[in-house]
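Here the structure comes first, spelled out in structure tokens, and everything after it is commentary.
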Amino acid sequence: MLIIRGIALLLDVKYVKNVANLSSVWDMGLQLFRKHISLSPEIEHKTVTGLLRLIESERLGEAIDKTLLSHLLKMFTDLGMYSETFEKPFLECTSEFYATEGVKYLQQSDIPDYLKHAESRLQEEHDRCILYLEANTRKPLIATTEKQLLQRHTSAIIEKGFTVLMEANRVTDLSRMYTLFQRVDAIEMLKQALSLYIRGTGQGIIMDEEKDKDLVPFLLEFKASLDKILEESFAKNEAFSNTIKESFEHLINLRQNRPAELIAKFLDEKLRAGNKGTSEEELEGILDKVLVLFRFIQGKDVFEAFYKKDLAKRLLLGKSASIDAEKSMITKLKTECGSQFTNKLEGMFKDIELSKEINDSFKQSSQARTKLPTGIEMSVHVLTTGYWPTYPPMDVKLPHELNVYQDIFKEFYLSKYSGRRLMWQNSLGHCVLKVEFPKGRKELAVSLFQSVVLMLFNDAQKLSFVDIKESTGIEDKELRRTLQSLACGKVRVLQKTPKGRDIDDKDEFVFNEDFSAPLYRIKMKETVEENTSTTERVFQDRQYQVDAAIVRIMKTRKTLSHTLLITELFQQLKFPIKPADMKKRIESLIDREYLERDRSNPQIYNYLA
């Protein structure tokens, strides 16, 4: 063939080139060859069939003569028969081949292997175009392969393998899925699968109250895995990033206020002293991760209430693992939510620092040196009412020594800060008592109420509930809770008759002479019921916020329909609230004459105030 072509080219150069309107020998030869092939459909059919069988054999892994294949296809190109005679049946055979293979391979393989196979096949077809097919064939060939191996099976691939890959954190396989789905415009389907996975995966643990202890660690781990997949598998695609944000926000707020409370409790656990095995750097990293969760919660006021309550305990009891970490968290919250969110928290730190200075000054004062009773040490925190959580005042009849100490401190403080008023918060007091047991001396870390009750037994062997109540003046419910912690818990300094968990009016208590414990200092725990009261305070504050938002909207709009008012409230309020509750607040404002109804249409409100 090459010799014939060479002779034809030589004749064309020497003779045909110089003669006008005369076709070249080479072109005439091609025309004659094409004519004879066209007149012999059997030859054309056998040639094309042979070529297709060769390519199929190569797809099935057999070795073929690619040089021969290339020459034959080049012949079809030179004859102008490539597109119609070869390419069309070739694409049809390709479609049939991969249609069969796709169904079979998907049934027999797991999704990672199927995706690898599809990726490999696409590369093979791309290489085939480089080796012996025309360049124009590449686009329809790749499209045909993608359609049969991917486009037809996107739903089945997602249904069979997406959740498995996500749960196993298979970032490489997910990246391959993302890349392949991009090729067939199936990214939207992949986004929907991601959203359903996020919403469904965490729902079980979010809604299960028994798993509350593990909720925040689970959310931290889950969010970290999603961020890793977004970066390594989904190429930081903004649409996928938004899908993760929206779905994660939906997930974390399924129980409205509870996750906010648990996140605050988790921070309290991490920021408390005794959190061993955590360095400053690791603690800072944990705070950053928790802040990510904080951004998603809608009940930020719930978080603030519980965080504030727990921070108050850490500061008053000196239980912070690191003041630097505490202040770092306040700074992060301030950056996230503004100074209004943290000004009370910052005020709490200022009070603690100022209290240290006041105590040092008091200890050096003449009142302290000459008037204080011996054998007792007391430290006082002077708190600004507006900064700290609201604590209900509780009366108690203090031992004489404590009363003397309080009076002397009050005299000193008011002489230094005239015009101020001190109010003692007995419920916040805590003491360390040195107790002589027959089996050895112990130190008991107790609340002020526990301390007052225990000190009664310095002068009495047995006391009834009524006796204790009269002697201490502690409110009934609080006294029952205090006695329960002293006589019914794991550490029983008192013994109750008759035995039982509940405290009744006829119960009697004696000092436990047989008490023993391996530790020298023992912390007496109390049964605290603070969560309900904290949540109730949040709801009360929310009512005021709803009222303020309604008045603010109506003051601007003057007249507004019920539907539009509710819509604007949903947009302005940063916490979830039911339409029924909104309606109650509107009715309340009408009763207080801030709003009035339009007489012709009760669904229209007018601003009055």
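The values are calculated or read from the model by the stated rules, or taken from the named source; none is laboratory data. Given the structure is predicted, the values throughout are model-derived calculations rather than measurements. FYI the Cβ positions are ideal-geometry reconstructions off the backbone, even for glycines, and counts take in every protein chain you see.
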Going through the stretch 501-546 one residue at a time, which ones are at pLDDT below 80 and of a type in the set (Asp, Glu)?
GLU526, GLU529, GLU530, GLU536, ASP541
Quick count over the stretch 43-86, residues being without any contact (Cβ under 8 Å) to a residue 40 or more places away in the chain and at positive phi, is 1
For the stretch 387-427, which residues satisfy the criterion of being farther than 13 Å from SER451 by Cβ and of a type in the set (A, V, I, L, M, F, W, C)?
TRP388, MET394, VAL404, ILE408, PHE409, PHE412, LEU414, LEU422, MET423, TRP424
What is the number of the single condition among (1) over 21 Å from SER447 (Cα atoms); (2) at pLDDT 90 or above; (3) among the charged types (D, E, K, R) that ARG421 does not meet?
(2)
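Which of the residues spanning the stretch 448-473 are in contact (Cβ under 8 Å) with a residue 60 or more places away in the chain and either in a strand (DSSP E or B) or crowded, with 18+ Cβ neighbours inside 10 Å (or both)? First the steps, then the outcome.
Keep residues of the stretch 448-473 that are in contact (Cβ under 8 Å) with a residue 60 or more places away in the chain, which gives 450, 471-473.
Within the stretch 448-473, GLN450, THR472 qualify.
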Do we have any residue at all in the stretch 294-303 that's within 21 Å of LEU573 (Cα to Cα) and either aliphatic (A, V, I, L, M) or not assigned by TED's automatic domain parsing to the domain that holds GLU261 (or both)?
yes
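Taking the stated definitions as given, is ASP173 in a helix (DSSP H, G or I), touching a Pro at 6+ places or on another chain (Cβ under 8 Å) and acidic (Asp, Glu)? Even if it seems obvious, please write down each step before you answer.
Working: in a helix (DSSP H, G or I): yes; touching a Pro at 6+ places or on another chain (Cβ under 8 Å): yes; acidic (Asp, Glu): yes.
When the stated conditions are applied, ASP173 passes them.
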Scan of the stretch 110-147 for residues that are hydroxyl-bearing (Ser, Thr, Tyr) and loosely packed, with under 14 Cβ neighbours inside 10 Å, ordered by number
SER120
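Name the residues in the stretch 474-499 that are part of a loop (DSSP other than H, G, I, E, B) and either closer than 14 Å to LYS462 by Cα or not β-branched (Val, Ile, Thr) (or both), would you? Give the steps one after another, and end with the answer.
So the first thing to find is which residues in the stretch 474-499 are part of a loop (DSSP other than H, G, I, E, B), and the list is 474-475, 488-493, 498-499.
The answer is GLU475, CYS488, GLY489, LYS490, ARG492, VAL493, PRO498, LYS499.
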Which residues, counting only those in the stretch 173-196, are over 13 Å from GLU119 (Cα atoms) and of a type in the set (S, T, N, Q)?
GLN192, SER195
Residue selected from the stretch 161-170 under the condition surrounded by fewer than 17 Cβ atoms within 10 Å (Cβ to Cβ) and touching a residue at least 24 places away in the same chain (Cβ under 8 Å), by the criterion nearest to ASP113 (Cα to Cα):
VAL164
Please verify whether THR342 is surrounded by 16 or more Cβ atoms within 10 Å (Cβ to Cβ) and closer than 15 Å to LEU267 by Cβ, treating the condition exactly as stated.
yes
Picking from LEU293, LEU316, the residue that is surrounded by 19 or more Cβ atoms within 10 Å (Cβ to Cβ) and farther than 30 Å from ASN426 by Cα would be LEU293
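Sort out which residues of the stretch 102-119 are closer than 15 Å to SER175 by Cα and within 33 Å of the chain's Cα centre (by Cα), and write them in order of number. Let's see the steps before the verdict.
Initially, the stretch 102-119 is screened for residues closer than 15 Å to SER175 by Cα, giving 111-119.
If the condition is that a residue be closer than 15 Å to SER175 by Cα and within 33 Å of the chain's Cα centre (by Cα), then ILE111, PRO112, ASP113, TYR114, LEU115, LYS116 are the ones that fit.
Scan the stretch 196-236 for residues that are among the polar types (S, T, N, Q) and crowded, with 17+ Cβ neighbours inside 10 Å and jot them down.
Passing the criteria: THR201, SER233.
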Looking at the stretch 559-588, which of its residues are β-branched (Val, Ile, Thr) and modelled with pLDDT of 75 or more?
THR559, THR563, ILE566, THR567, ILE586
Within the stretch 321-339, identify whether any single residue is surrounded by 18 or more Cβ atoms within 10 Å (Cβ to Cβ), touching a Phe, Trp or Tyr at 6+ places or on another chain (Cβ under 7 Å) and closer than 23 Å to LYS270 by Cα, and answer yes or no.
yes
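Filter the helices (runs of 4 or more DSSP H) completely within the stretch 303-397 down to those with at least 2 residues that are at pLDDT 90 or above and β-branched (Val, Ile, Thr).
In the stretch 303-397, 323-337, 339-363 are the helices (runs of 4 or more DSSP H) which contain 2 or more residues that are at pLDDT 90 or above and β-branched (Val, Ile, Thr).
Conditions tested, residue by residue: (1) more than 30 Å from GLU56 (Cα to Cα); (2) touching a strand residue (DSSP E or B) at 6+ places or on another chain (Cβ under 7 Å); (3) not assigned by TED's automatic domain parsing to the domain that holds PHE90.
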| residue | (1), (2), (3) |
| --- | --- |
| LEU133 | no, no, no |
| LEU165 | yes, no, yes |
| ALA168 | yes, no, yes |
| ASP173 | no, no, yes |
| ASP227 | yes, no, yes |
Among the candidates LEU115, LEU106, LEU91, LEU72, which residue alone is over 21 Å from HIS153 (Cα atoms), in the same structural domain as ILE142 (by TED's automatic domain parsing) and part of a helix (DSSP H, G or I)?
LEU72
Go through (1) buried (at least 17 other Cβ atoms within 10 Å of the Cβ); (2) in contact (Cβ under 8 Å) with a residue 12 or more places away in the chain; (3) assigned to a helix (DSSP H, G or I) one by one and return the number of the condition ALA99 breaks.
(1)
In the stretch 410-443, residue surrounded by the most Cβ atoms within 10 Å (Cβ to Cβ) [restricted to those that are in contact with a Pro (Cβ under 8 Å, 6 or more places away or on another chain) and outside any helix (DSSP H, G or I)]:
GLN425
Can you confirm whether the stretch 274-293 contains a residue that is of a type in the set (Val, Ile, Thr) and at pLDDT below 90?
yes
